[in-house]
Each structure stands twice: as C-alpha cells, then as structure tokens.
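Taking it in order: structure first as structure tokens, then the write-up.
Readers should treat all values here as calculations from the given coordinates under stated rules, not as data from a laboratory. The shown structure was predicted, so the numbers you read here are calculated from the model rather than taken from an experiment. Here the Cβ is made from the backbone with ideal geometry for all residues, glycine too, and neighbour counts use every protein chain on show.
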C-alpha cells in the first residue's frame, strides 16, 4: 500500500516540480513525474518495511515479557488452590 501511495504522491510532486522548473522541456515532464514517483515509492516501501520489522520485534519482546510475568502468578495461584483443598 505504501508503494502505491508513494508512487501516486511522488508522481504528483514530480509533476508540480516539473511544471515549476523552467529548464525542463514540455516533452520530458511526464518522465520527470514518473521518476519522482518511483523514488518516493521506493522510500515509502523501505520505510514501511523497516517499521514493520521493528514493530514485530517489539511485539515479540513484549509477549515474552508478558509470559514471564504471568508464569509465577499462575503457579502461585495453583499452589494455593491445591493447599486449600488438602487442608
């Protein structure tokens, strides 16, 4: 999704920049727009890939921490239940 969005936004920015720049001939303006679109699409794709990787590693660490914090509580509750049944 970020790839397509980046290409569309980059194409729009490239078209605007090509129209503002007086040194670019009229025939080269669509090519300039496509080039800018490709560049922004690549940047958006790399950013979203890195962000997803970081967030998945962060989630793994949080789940491991949650498992460690819940384990002693569940064991102590289980022991209390057994001792209350025995007495």
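Compare the peptides 44-50, 7-13 by average per-residue count of other Cβ atoms within 10 angstrom and give them in order, highest first.
Details: 44-50: 14.0, 7-13: 17.0.
Highest-to-lowest ranking by the protection proxy: 7-13, 44-50.
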#### Entry: Exposure proxy ranking, count of Cβ atoms within 10 Å, fewest first, for 23, 5
23, 5
#### Entry: Fully extended contour minus Cα-Cα distance, from residue 48 to residue 23, at 0.36 nm per residue
5.6 nm
### Task
Mind giving me the nanometre distance, one decimal, between the label points for residue 60 and residue 8, set 7 Å out from Cα along Cα→Cβ?
3.3 nm
### Query
How would you rank 24-37, 55-68, highest first, on the average number of other Cβ atoms within 10 Å across their residues?
24-37, 55-68
